[in-house]
Amino acid sequence: MTRQQVLDLYFMEARSKVLDLAAFLDRVERAEGKEDFRLGAIRDAVAHLQGRQSRRIEKVLLSLSDPSKEPIERAIGKAACGAWDGSILKKRTPAPKPSKRSTR
Amino acid sequence: MRYIEPHAHMVSRTTDDYLEMATAGCVVVCEPAFWAGFDRNSVEGFYDYFRQLTDQEPKRAARYGIQHYSWICLNPKESEDLQLAEDVLAIIPEFLARPGVLGVGEIGLNKNSRNEIEVLERHVDLAAEHNQLILVHTPHLEDKLKGTRLILDLLKNDKRIQPERVIIDHVEEHTVKMVLDRGFWAGMTLYPESKCTAARAIDIMDLFGTDRIWMNSACDWGHSVPLAVPRTALEMKKRGYNRDTIDKMIYRNPIQFLSQCPKFEIPVD
């Protein structure tokens, strides 16, 4: 496909998703109370969208992933929440409730 | 259009879904054993579930002209209880011998724990002993990268395992290359939110080609779309893929992998 064809096929969808993301960040900031690590993870991921670099999708996925290599001792719960809490060892912020996570 | 749905949890779906899939051209559906959304208390619960997969669901699919196959295992979400895992592993060989059972799956990891790895090793050993195909579930979201690495290392360290007889499912852009580079098949799951969208799955085909790869809906009791495969085929057409390549992705590639099981019968046109 030409660049023009890709734009014709996907621009409106991408525009909609960018607007949804902007609205989500506004919504979170309007809300009261503490945030957890997921908001920072989203902000870090968004930073990978800037500029003319390639393989943005891979960089975003890696930024949201657990980079460690050793198995954990025991699974506590079954769900994933979509972002890796790099500060989890410091016991900084409580993990989100299981109902907000994906188990599939 | 003709297509094979290589990964769907039809016990969680309605007969309307079968009707729509058949109408869209589905001729074969393959159903891996999975987590029911809650933990089963006993081996008897698994026994009945495996009976449902191997006895009941093929009859339900047949009413819509769809061939039904299954994969048998204890899923990684229920692997922390090693005694239960041991009990379930003991009944699996009985079901591996049944008609319509393709192999051991979907085994794998969920939270990448030591017990999950131990149970995965037991399943891989079982598959090797019984010369079975293997279908592997890779973890969700932030756990996928680490889990995929652990799984690939474990499989590669077992010299009895032939990579071309193993499909590593739920790959995304950050895991697909390591799977294909090591000789395994890769499965792309088309989910509305948590795995690949149609557009991203086709991007992966653009970058990595259409050999040793398939796509599936993995439709189940959660947010998922039973028609995700034919809808992605339509999007492939929009993206300029020709009819032959689309047929390869949604029909011939699954046949190529699944035909390694002698119990799999190629659908009659």
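Read-outs: derived from the displayed coordinates by stated rules, not from any lab. Predicted model only: the values in this text are computed from it and were never measured. Counting neighbours? That spans all protein chains shown, and the Cβs are built from the backbone with ideal geometry, glycine included.
Using the Cβ-Cβ distance between B:Thr14 and A:Val18 with R0 = 41 Å, the FRET efficiency computed as 1/(1 + (r/R0)^6) comes to roughly 0.70. Out of all Cα-Cα pairs in segment A:1-92, roughly what percent, to the nearest whole number, are more than 22 Å apart? Considering segment A:1-92, 45 percent of its Cα-Cα pairs are separated by more than 22 Å. The H on the amide N of B:Cys219, modeled in the peptide plane, is under 5 Å from the matching H of B:His9, each at least 5 residues off or on a different chain.
All other residues whose Cβ lies under 10 angstrom from that of A:Glu58 are scored, Lys and Arg at +1 and Asp and Glu at -1, for a net of +2. Using only alpha carbons, the protein assembly as shown has a radius of gyration to Kirkwood radius ratio (Rg to Rh) of 0.96.
Near A:His48, within a Cβ-to-Cβ distance under 13 Å, what is the net charge of the other residues, with Lys and Arg +1 and Asp and Glu -1? Walk me through the numbers before you get to the answer.
Details: positive: A:Arg43, A:Arg52, A:Arg55, A:Arg56, A:Lys59; negative: A:Asp44, A:Glu58, B:Glu173.
Every neighbour counted, the sum reads +2.
Taken over segment B:26-177, the percentage of Cα pairs per 10 Å bin, counting from 0 up to the bin with the maximum distance, is 11, 42, 35, 12, 0.
For B:Cys26, nonlocal amide neighbours, meaning residues 5 or more places apart or on other chains whose placed amide H falls under 5 Å from its own, are B:Tyr3.
Over segment B:44-181, calculate the relative contact order: mean separation of alpha carbon pairs under 8 Å at least 6 apart, over the residue count, as a percent.
Details: 185 pairs, mean separation 27.5, N = 138.
Reported as a whole number, the value is 20 percent.
Based on C-alpha pairs under 8 angstrom that are at least 6 apart in sequence, chain B has a relative contact order of 20 percent. Cα centroid separation, segment B:251-268 to segment B:120-182: 20 Å.
Taking other residues whose beta carbon is less than 13 angstrom from the beta carbon of B:Ala24, and scoring Lys, Arg as +1 and Asp, Glu as -1, yields -2.
Once backbone amide H atoms are built at 1.01 Å from N, B:Tyr69 has B:Val29, B:Cys30, B:Glu31 as its partners under 5 Å, excluding neighbours fewer than 5 places away on the same chain. By definition, a body whose alpha carbon gyration tensor gives a ≥ b ≥ c is oblate when a/c is 1.5 or more and a/b is not larger than b/c, and chain B fits this oblate description.
With a cut-off of 8 Å between alpha carbons and a minimum separation of six or more residues, what is the relative contact order of segment B:172-269 in percent?
The normalised contact order for segment B:172-269 reaches 24 percent.
Inter-chain Cβ neighbour count for A:66-79, averaged per residue, equals 6 (cutoff 10 Å, partner chain atoms only).
Have a look at the DSSP beta bridges in the protein assembly as shown and tell me what percent are antiparallel, nearest 5.
Details: 1 of 29 bridges.
For the protein assembly as shown, the DSSP antiparallel bridge percentage is about 5.
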